[in-house]
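All remarks here apply to the structure that follows.
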Amino acid sequence: MKTVIVRAVAQAAEGRFGLRGTSDLTVMGKGSDLPGAGAPSAGEQRDASLKIAIVDESPIRAAILADGLREAGLTHVELIPETHNLLARIYALDPDVIVIDLESPSRDTLEQMFQMSRVVKRPVAMFVDQSDAASIQAAVDAGVSAYIVDGLKKERITNILDLCISRFNAFSRLQTELDRAKDALEERKVIDRAKGMLMKVKGLSEEQAYALLRKTAMNENKKIVEIAQSLLTAAELFK
Amino acid sequence: MSETRLRIGYIPLVDAAALLVAVDHGFAAAEGLAIELVREVSWSNVRDKLNIGLFDAAHMLAPLPIASSLGIGHVRVPLIAPFNLALNGNAVTVTPALHAELAAFADGDPADPLVSARALARVVAERRAKGASPLNFGMTFPFSNHNYQLRYWMAAGGVDPDEDVRMVVLPPPYMVESLTNGHVDGFCVGAPWNSVAVEAGVGCIQHFGSELTLRLPEKMLVVREDWADTRPDVLAALIRSLARAAEYIEAVEHRANVTASIAERLGVEPSLVSRTLNGLLKVAPDGTMRGSDHYILIGRENANRPDPAHAAWFYAQMVRWGQTPLSDEAAATAQRVFRADLYDAALGRPAPTNDGGPRDGIGAFVGPDFVPGDIAGYLKAWELKRSGRPRLSLVR
């Protein structure tokens with residue numbers, strides 16, 4: 001029997017945003033795609049069969065999360081990108097765990113499930129167990145919320161939650177970096193255009209044009225990009 | 001004087017006006033409070049962030065602190081509500097098609113909620129006879145006036161909201177879209193969403209919430225009980241700043257000024273806000289107008305003082321619709337959530353003797369007077385009403 005060990009970075013239970021620890025999420029299994037079968041720990045076998053639904057309007061984040069869960073051996077992961085007919089889709093799927101973006105207004109729709117006696121499985125919100133305040137805090141900071149089927153032992157999903165939290169955090173870091181890169185690119189374009197204009201109008205070299213922008217920015221206590229933008233705006237007015 | 005910093009969560013709705021104006025027009029600052037308003041997208045978020053301490057206070061659906069204090073549907077966290085941010089303010093909007101059907105089946109004036117509710121029962125019966133799918137109605141949260149008002153209205157006509165129609169929770173920003181694409185046939189929601197549906201030509205306002213129940217708190221200022229116990233002075237200052245803001249909003253000479261700042265916070269046209277505050281609404285795409293001086297009360301007629309009888313009424317609705325079993329202990333706990341004593345103490349006013357409102361403080365359009373001390377008896381009256389259902393469906 002071949003044992004596959006998947007390692008995932010997850011937030012330690014006491015970890016807060018920024019104080020990230022690592023813990024091992026270990027899933028054991030035979031072969032590569034069916035973790036759980038014939039593994040020594042019965043509890044972990046069952047976990048691999050947990051059905052997880054991800055409700056997220058951001059397809060990229062949902063994909064990152066789904067990949068993470070699948071890597072961890074949780075093969076029953078379904079994405080629900082749309083909010084239309086959300087409850088019907090959830091009932092059809094009958095998941096054990098529902099992960100939802102905290103910024104999704106559809107959380108209130110999900111809460112209606114607690115009111116329905118017809119539903120066989122009654123999900124409860126992750127926040128129900130307040131004994132673990134630190135991990136709730138971490139989840140809120142990361143912007144993730146989860147609902148689990150009532151009666152499911154909390155220990156069985158701690159790893160899943162930790163993984164979701166770390167993936168949500170990873171996504172927001174990526175997003176921040178992407179935004180920053182975009183801004184930087186935009187700024188460079190503006191500065192390049194202003195430089196080009198100075199070179200043409202005043203007959204300066206590229207270095208001289210840049211030095212002039214920088215000097216003006218320092219004198220006026222502004223950013224170079226702001227000076228460059230003013231220059232472009234002014235030029236637009238003179239056209 | 002050093003400033004006290006507070007984080008308060010809210011959902012962008014006109015009934016948050018007192019809170020928004022307290023912050024934006026300096027009433028909070030005058031009490032030494034530096035308030036950071038945090039805009040939220042769901043009541044679940046507002047409740048959870050208040051419960052775990054990320055918020056000091058919140059703008060919240062009036063029945064929600066009762067559900068939380070009793071642990072209904074969620075973890076039990078004792079919350080208290082010492083200030084009504086607004087009374088009333090909801091409306092029931094239906095598609096023009098359903099509006100026409102209700103008028104066609106009406107045995108009288110469909111503007112009368114009892115007439116329209118009976119008409120709804122006939123529409124439901126006819127749809128069932130034809131094998132059509134049941135009507136869908138949207139509301140904002142299981143523990144909300146919207147849910148209870150819709151159910152109260154339907155049941156009065158003999159419609160069982162759990163069997164005869166489908167009730168779905170929809171976030172307010174999705175309401176109009178859902179009406180447009182036919183996912184719901186009607187909804188009950190607060191301002192400005194009913195007006196948005198009328199403007200878009202996809203909805204007719206069937207009833208103002210105040211036509212169903214004359215006087216009910218819609219949103220309240222809610223804090224954790226332990227927070228209120230440890231910071232009584234801060235809470236009193238917050239209550240005073242909200243009371244002054246509410247008074248300011250009601251003064252006609254400030255209307256234009258506050259309407260602009262509220263509209264900016266909500267991200268809607270100022271005209272939609274002023275319609276709501278003035279209680280004069282366009283109720284149909286053809287331009288029909290309807291007015292009520294009880295459509296929404298932000299600060300007049302003693303609107304801000306919490307009334308434990310209202311808490312008991314909400315609890316009775318929770319029991320009536322199977323959200324929780326009836327118990328005297330829970331009924332007493334529910335009434336202790338609405339803290340008129342803290343309101344009176346903060347403002348240094350004696351309790352009012354008579355506010356000239358409805359006899360039982362609620363003024364429902366049909367049914368017996370509500371008696372907070374006899375919820376079981378009140379609910380029995382409704383069971384009798386429900387057994388009268390087959391007779392109603394024979395009328396047509």
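The values are calculated or read from the model by the stated rules, or taken from the named source; none is laboratory data. Keep in mind the model is a prediction, meaning the values are calculated, not measured. Because the Cβ atoms are built from the backbone with ideal geometry, glycine has one as well, and the counts that use them run over all protein chains shown.
Look at B:A86 and say whether it is closer than 27 Å to B:L297 by Cα, away from every other protein chain (no Cβ under 14 Å), aliphatic (A, V, I, L, M) and surrounded by 19 or more Cβ atoms within 10 Å (Cβ to Cβ). Spell out how you get there, then give the answer.
Numbers: closer than 27 Å to B:L297 by Cα: yes; away from every other protein chain (no Cβ under 14 Å): yes; aliphatic (A, V, I, L, M): yes; surrounded by 19 or more Cβ atoms within 10 Å (Cβ to Cβ): yes.
So B:A86 fits the description; yes.
Out of the helices (runs of 4 or more DSSP H) lying entirely within the stretch B:107-198, which hold 3 or more residues that are more than 12 Å from chain A (Cβ to nearest Cβ), basic (K, R) and over 16 Å from the mean Cα position of the chain (by Cα)?
Numbers: elements: B:113-130, B:145-156, B:172-180.
Ranges flagged: B:113-130.
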**Complete:** Exactly one of B:A58, B:A28, B:A34, B:A62 is in the same structural domain as B:I249 (by TED's automatic domain parsing), buried (at least 24 other Cβ atoms within 10 Å of the Cβ) and over 20 Å from the mean Cα position of the chain (by Cα), and that one is B:A28
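Given the options B:R305, B:R300, name the one that is surrounded by fewer than 17 Cβ atoms within 10 Å (Cβ to Cβ) and under 29 Å from B:P352 (Cα atoms).
Numbers: B:R305 fails: surrounded by fewer than 17 Cβ atoms within 10 Å (Cβ to Cβ).
None of the other options fit; the residue is B:R300.
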**Asked** helices (runs of 4 or more DSSP H) wholly in the stretch B:303-376 with at least 3 residues that are at pLDDT 95 or above and in contact with a Phe, Trp or Tyr (Cβ under 6 Å, 6 or more places away or on another chain) - which ones?
**Response** B:308-320
**Asked** Mind checking which pairs have a first residue in the stretch B:319-331 that is facing chain A (nearest Cβ under 10 Å) and a second that is surrounded by fewer than 18 Cβ atoms within 10 Å (Cβ to Cβ), Cβ under 8 Å, 6 or more apart or different chains?
**Response** B:W321/B:D162; B:G322/A:S117; B:G322/B:D162
**Message:** So, in the stretch A:79-108, exactly how many residues are within 13 Å of chain B (Cβ to nearest Cβ), of a type in the set (D, E) and either surrounded by 14 or more Cβ atoms within 10 Å (Cβ to Cβ) or within 20 Å of B:R166 (Cα to Cα) (or both)?
**Reply:** 3
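When the residues of the stretch B:277-297 are filtered to those that are in a strand (DSSP E or B) and more than 16 Å from the chain's Cα centre (by Cα), which remaining residue is surrounded by the most Cβ atoms within 10 Å (Cβ to Cβ)?
The initial filter retains those residues of the stretch B:277-297 that are in a strand (DSSP E or B), namely B:280-282, B:289-291, B:296-297.
If we keep only those that are more than 16 Å from the chain's Cα centre (by Cα) as well, we get B:280-282, B:289-291.
Values: B:L280: 14, B:L281: 23, B:K282: 17, B:M289: 10, B:R290: 17, B:G291: 12.
Of everything passing the filter in the stretch B:277-297, B:L281 is surrounded by the most Cβ atoms within 10 Å (Cβ to Cβ).
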**Pair list, Cβ < 9 Å and 6+ apart or interchain, from the stretch B:50-69 residues that are without any contact (Cβ under 8 Å) to a residue 24 or more places away in the chain and within 14 Å of chain A (Cβ to nearest Cβ) to residues that are surrounded by fewer than 24 Cβ atoms within 10 Å (Cβ to Cβ) and basic (K, R)** = B:S68/B:R76
**Request:** Might you let me know whether the stretch A:119-135 holds any residue that is in contact with a Phe, Trp or Tyr (Cβ under 8 Å, 6 or more places away or on another chain), more than 10 Å from chain B (Cβ to nearest Cβ), buried (at least 21 other Cβ atoms within 10 Å of the Cβ) and modelled with pLDDT of 70 or more?
**Result:** no
**Request:** Answer yes if at least one residue in the stretch B:116-128 is under 22 Å from B:V176 (Cα atoms) and touching a Lys or Arg at 6+ places or on another chain (Cβ under 9 Å), and no otherwise.
**Result:** no
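Please find, among B:I205, B:I249, the residue that is over 22 Å from B:W43 (Cα atoms) and in a strand (DSSP E or B). It would help to see each step written out before you state the result.
On the way: B:I249 fails: in a strand (DSSP E or B).
Sole residue among the options that is over 22 Å from B:W43 (Cα atoms) and in a strand (DSSP E or B): B:I205.
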